[in-house]
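Notes for the one structure printed next.
The values are calculated or read from the model by the stated rules, or taken from the named source; none is laboratory data. It should be emphasised that the depicted structure is a prediction, and the values quoted were computed from it without experimental measurement. Neighbour counts run over all protein chains shown; Cβ positions are idealised from the backbone, glycine included. The accessibility values were calculated without ligands, DNA or RNA, using every heavy atom of the protein model including side chains. Shrake-Rupley method; radii C 1.70, N 1.55, O 1.52, S 1.80 Å.
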Amino acid sequence: SHPPLCPTGIKCGGVLSAPSGNFSSPNFPGLYPYETECTWLIVVAEGSSVLLSFSHFELEYHDACAYDYLQVYNGAARDRGNLLGTFCGHSPPPPFSSAWHVMAVVFRSDRHVAKHGFAAAYRKGSREGWWWWSICPSILSHCLHHLCLLADACGGQLTGLSGEITSPRYPESYPNDAECRWTIGGAGGGGPLTLVFADFQMEGGQGCSFDYVALFDGPTVAAPRLGRYCGSTRPPRTVSSTPHLLIIFKSDFNIGGRGFKAHFYSAGECQEVFTAIKGNFSSPQYPSFYPNNLKCQWSIHLPTGYRVKVFFLDMELEGRSSLTGGCDYDHLSAFDGGTENGSLLGRWCGRESLAPITSHSNQLLLVLHTDRNTAKRGFSIAYVGVVPMNVSCTRTDFHIQIPVQSLAQLERNRIYLGSPSCAARVVGRNFKIHTRFDTCGTESQRRNNTSVIVSTLYIDFSVGDQEDIHQYEVQCEPKRKEASVTLIAGPDPSRLSQAENLVDSQQWGGEAMDAHEIKSQDTSDIVFISICILAGLLMVIAVVGLVLL
C-alpha cells in the first residue's frame, strides 16, 4: 500500500492563500465526524485562476445529495449563483478551473452514516490555460506511483444554474490535438439551457472537419446535434429542449486560434415572452439570490393599440459603482419595443422604490444583466395592458371611445359604464359610450376644491369561472370640460397603489370622434348657454314687472 497523499490533518475549513496546497475532510483517511460543516476559501493571486482536483472521494450517497455532500463554488461560498455543483457518493467531482482567483469548497455531513471523505489539491493557474496535475506524496520516491502530469485539461460536468466555459489557454491560442467535453445540467434545474458565445475564433474549413465546437441537445453524443461551428463567426444563441447540453471542443494537429468564451444559464425562468393582457414575473430564484453571469430577457407583446404599464413590486440588485455612480454591475433595463434597439425607458440597480413605467407602443422588453459576483434578491414585477381609449366630456355628457381591434375578443356588453345596462355600442371601428351625467352610476364629488363628475368603466375579460374585470375611473371637470381615466383595478390591486393614472384624455393618438358626435357636444353646450340666457331674460322681466306693479 502507498502512504496517504499529503493529508493536511483534521483542520476543518479555513482560508488557503498559498499558490498551491492540499486539503481533506476531517479525520481523512478515517471516517469523517457527524454533523460537521467545513468551508475552505481558496484565494490565489489576482488575475489567476484556481485549479482544483480530487484524488479520493467517498461520501454517503443520496440521489439528490440531501444527506452528506460537497459543494464547489466559482467564487465565495455565499454567492449562490456561482455554485458549480453538489456531489456525494463514490464518484469524484470533475477537475475544476475557476473563472477568477477565488474558489470555495463546502463539506457537510448529517447525523447518520459516515464515510472516508475526500482528499483534494489546488494550485494557482495561469490565464494562459491551466494544468492537469495529480497529487504527489510528500516523499519524492512515491511519485513513481502518482506521476505528476503536465498537460492542458478542460471539460467537466457543470451543474450550476449559470456559468462560463472557455477553450484551453483562452484568450491565447488553444493547443493542438485537444478534445474537451462539458456536460451542463442535471442538478435540480429542470428547464432548458441557453448557451451564448461571447467570443469565437477557430481554424475554419468546409464542413468544420479540422477544429470545431459541436453542441448536442442532451448529455451524450447520441442526443440530437444542435450545431457544429468553426471559423471566426460567433455561433448563434442556442437553447436546448432538455435540461442537458453537451459541448465538445476538438482541435487537430496544426493551425489554431484564440478559441472561445461562452456563458450558459437555465432558460426556463430567464427567457420569457408574455402575450396575456396582464401578468407578473420575477428574477430567477426570487426571492433567493439570483445567479451570476446572466442575461435574461422578458418580452411583453400585447395586441395592437395597447400600451404596457409595468409596476415594480420589489427590487434589490447589486448597487451602483462607487467610481462612476452608474449601474455598471448588475442592472435591469427597459426598452420601448421588442428589442434592445428600442428607446431606453430606464436602467436601474441597487435597492430602489420605482414609479411605474409605460411603453409608447404595444411591446416592451426588460433585460437583466448580472456579472460574475455579488448576487442579491432580485425583483418582482407586475404588468397590465392599458386599453387605448379616448375619453372626453362636455358639461352634461361623457364620451368614451375604444378601438374594436384592441378588444376584438370581447362582446360589446363586456364593456360598460357604471352598470351592465350602460353597455358600449359598436359604431364603425369603435366601441362607444355616450351617456349623460345623471345616468350610468355617475356621481358628483368634490376633489381639491373642484366639483367633478365620476363613474367607473368596466372591461370584463373573465373566462368561465375565472373572474378578470379591469376597472377604470373616468372623471370629468365640467367647467373646463376636461376628462381623464385612471386604472383602479388591474394586475394585483392589493399590491399596487390605488389610482395609478394611466391615460390622459389628450395622451392617446386614437381616432378622432365622428363629426356628428362633435356636433352633439357643441349642440349640448349651445342648449346649456341658451337656457342660461332664457333664465336671465325671465328674471329681468320678472323684476321689471314687480317694479311696475
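What to note about this one:
- Taking label points 7 Å from Cα along the Cα-to-Cβ direction, E482 and A535 give a separation of 2.4 nm.
- For D252, the residues whose amide H sits under 5 Å from its own are D177, D211, ignoring neighbours fewer than 5 places away on the same chain, with H placed 1.01 Å from N.
- Difference of contour (0.36 nm per residue) and Cα-Cα distance, Q206 to V426: 73.0 nm
- For S167, net neighbour charge (Lys/Arg +1, Asp/Glu -1) across residues whose Cβ lies under 9 Å away: +3
- Computed from phi, the 3J(HN,Hα) profile of region 314-324 under the Karplus parametrisation 6.51, -1.76, 1.60 (θ = phi - 60°) reads 7, 7, 8, 10, 4, x, 6, 5, 6, 7, 9 Hz, with x in place of Gly and Pro.
- Of K124/K376; K261/K295; K295/K376, pairs whose Cα-Cα distance is over 21 Å: K124/K376
- Local electrostatic count, G385, Cβ distance below 11 Å [Lys/Arg +1, Asp/Glu -1]: +3
- Contact order normalised by residue count of region 13-125, Cα under 8 Å, 6+ apart, percent: 44 percent
- Among residues other than C327 with Cβ under 14 Å from its Cβ, the summed charge is -2 (Lys and Arg +1, Asp and Glu -1).
- Tail weight of P(r) past 24 Å, computed on alpha-carbon pairs of region 271-386, percent: 21 percent
- In a reduced charge model with +1 at each Lys and Arg Cβ and -1 at each Asp and Glu Cβ, region 390-492 shows a dipole moment near 680 debye about its Cα centre.
- Shown for region 13-125 is the translational diffusion coefficient from the Stokes-Einstein equation, using the Kirkwood radius over Cα pairs, a temperature of 4 °C and a viscosity of 1.567 mPa s: 93 µm²/s.
- Cross-link partners of K479 among lysines (Cα-Cα below 22 Å; sequence separation of 8 or more within a chain): K519
- In this structure K124 has an accessible area near 90 Å², from a 1.4 Å probe over the protein heavy atoms.
- For region 13-125, accessible area per residue (1.4 Å probe, heavy atoms of protein chains only), Å²: 40 Å²
- Remark: the Cα gyration tensor places region 206-306 in the prolate category, a/c being 1.5 or greater and a/b exceeding b/c.
- Here the Karplus relation 6.51 cos²θ - 1.76 cosθ + 1.60, evaluated at θ = phi - 60°, turns the backbone of region 20-36 into coupling constants of 8, x, 10, 7, 8, 5, x, 6, 4, x, x, 6, 6, x, 6, 6, 10 Hz, with x for every Gly and Pro.
- Backbone HN-Hα couplings from phi across region 426-440 [Karplus 6.51/-1.76/1.60, Hz, Gly and Pro as x]: 9, 10, x, 9, 10, 7, 10, 10, 10, 9, 7, 5, 8, 10, 6
- Put simply, the amide H of K376, placed in the peptide plane, has neighbours under 5 Å in Y290, E318, leaving out anything fewer than 5 places away on its chain.
- Relative packing of 394-406, 61-73, which averages over residues the other C-beta atoms within 10 Å, highest first: 394-406, 61-73
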